[in-house]
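Reviewing the structure listed below.
The values are calculated or read from the model by the stated rules, or taken from the named source; none is laboratory data. Keep in mind that what you see is a predicted model, and the values were worked out from it rather than measured. Neighbour counts are summed over all protein chains in view; Cβ atoms, including those assigned to glycine, are modelled from backbone coordinates with ideal geometry. Keep in mind that these areas ignore ligands, DNA and RNA; they rest on the heavy atoms of the full protein, side chains included. Shrake-Rupley method; radii C 1.70, N 1.55, O 1.52, S 1.80 Å.
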Amino acid sequence: MALPGSLWRQPAGRGLVSHCTHHHIVVFLLTFFSYSLLHASRKTFSNVKVSISRQWTPSCLNTTAPELRPYELWSSNHLFPNAEEATLFLGTLDTVFLFSYAVGLFVSGIVGDRLNLRWVLSFGMCSSALVVFFFGTLTEWLHFYNKWFYCCLWVVNGLLQSTGWPCVVAVMGNWFGKAGRGFVFGLWSACASVGNILGAFLASCVLKYGYEYAFLVTASVQFAGGVIVFFGLLTSPKEVGLPELGADEDGSVEEDANRPLMSNDDADDDDRNYSIQATDTDSQPKAIGFFQACCLPGVVLYSLAYACLKLVNYSFFFWLPFYLSNNFGWKEAEADQLSIWYDVGGIIGGTIQGLISDVLQKRAPVLAISLLFAVGSLFGYSRSPNSKPINAVIMAITGFFIGGPSNMISSAISADLGRQDLVKGSSEALATVTGIVDGTGSIGAAVGQYLVSLIQENLGWMWVFYFFILMTSSTILFISPLIVREMRLLLHERRLRVLAE
């Protein structure tokens, strides 16, 4: 008995290796490091907050100040009367950045599908580098301190940085098909964690000369990266004469190997003649609209799920070092170093879970199992003893089960959603869908930073972890229809395989 086309699977590993060229490797590396550089500039701002707060706040303990200039003149050049107000303003800048970044993601995805992805990505990197230079370096060189100017620059920076993720995911989605996509994107999504490490390293190398030089170095490297992307990035295989994903060149097996996981496998072939993008004679398909992208199966559910999950993931990113210092009394430098284990767990989790989803040809069940374990790991981590080795192990496990699914949704699943059957494999849906998913997630992350501080201040850290458990459970709830559907498909495929034997 012959198997249906939906069950004729090409092994993910063989499909990946057989189609990998040096162009794929170059695209992987360029997109990886372009987003790493964008994340590095964000991490630089986090790493120099203490120095910025000190510079923005006059201190009577500074014995050199009266010798250099009159105290009144020295004090008038600074923004805040004490460190508490300066720290509060720095937190406000974080919130402003996240909200503008979230809004920008919705717009950047639409723009990326209508303009050349290489142009949009390069423009965002170079322009953001200039804004970072103005914010941290030029203002300090000119001794110009103004709260509204800083806020405006950080709003613009959030909008410009939002061009990064939709564009790099769209380019990766153009080059890497379903065969091995979970593994490739799981490994590739470590770019954010690598950017965090790179930003911390660059800032620490020059911070002794002044925080303005930390901004100068990261901005210069990011600008150079944008120039390299402009001249070296290939946005799709057709630019070098390679067949596009989904091209029917090797028969039905190859066609199925490139079919996205979000395709409606239980639909009849006649139903697949329908497409949001009507097929025409033009060689260049048109980009779908924002509301059409929202109506694609799975987009809204995964967007809402990612809003809850990114809230938890970004809360660990922003608050974990503070929690370790505040709750256990560990030194700030030790807490910063220990928090890296959460990123390590996320990198390993995204790669392994992506590989498992490739083997199963389904994403939602893998996410559900991981998130169920995440609930247990959050409960266990909230009761971690005052021991650094034990804390690091539980932290890595928590990162594995939270960071892994977060990386999958923002990369591999977003690519699946943008290349499903209803858009006929058109790349002009990838950036829009990615912007919707990540934009919704960023709104959740922005709201979460305020809620975490509010809960911690009034109820304590234990209730913060209860809040994380609630959000993780909500993530499972939002994707539950997709879990049920994909589990039914797995059982249906298994029955057909049994009958075929």
> Averaged per residue, what accessible area in Å² does region 298-376 show with a 1.4 Å probe, protein chains only?
Replying inline: 38 Å²
> At a probe size of 1.4 Å, how large is the accessible area of residue 135, to the nearest 10 Å²?
Replying inline: 0 Å²
>> Less than 15 Å Cβ to Cβ from residue 190, Lys/Arg counted +1 and Asp/Glu -1: what total charge do the surrounding residues give?
In response: 0
> What accessible surface, in Å², does a 1.4 Å probe find on residue 151, ignoring ligands, DNA and RNA and rounding to the nearest 10?
Replying inline: 30 Å²
> When ligands, DNA and RNA are left out and all protein chains stay put, how many square angstrom of accessible area per residue does region 102-156 have with a 1.4 Å probe?
Replying inline: 45 Å²
> In terms of the Cα gyration tensor, with a ≥ b ≥ c the square roots of its eigenvalues, is region 441-501 rounded because a/c is under 1.5, prolate because a/b exceeds b/c, or oblate?
Replying inline: prolate
> Largest first, what is the accessible-area ranking of 438, 343 with a 1.4 Å probe?
Replying inline: 343, 438
> What figure in square angstrom, to the nearest 10, would you give for the accessible area of residue 206 with a 1.4 Å probe?
Replying inline: 30 Å²
> Roughly how many percent of the accessible protein surface of region 457-501 is carbon and sulfur, given a 1.4 Å probe and a whole-percent answer?
Replying inline: 67 percent
> Which order do 319, 56, 330 take by accessible area at a 1.4 Å probe, largest first?
Replying inline: 319, 330, 56
>> Between residue 220 and residue 291, what is the label-point separation in nm under the 7 Å Cα-to-beta-carbon projection?
In response: 5.0 nm
> What is the distance, in nm, between label points placed 7 Å from the Cα along the Cα-to-Cβ direction at residue 337 and at residue 238?
Replying inline: 5.3 nm
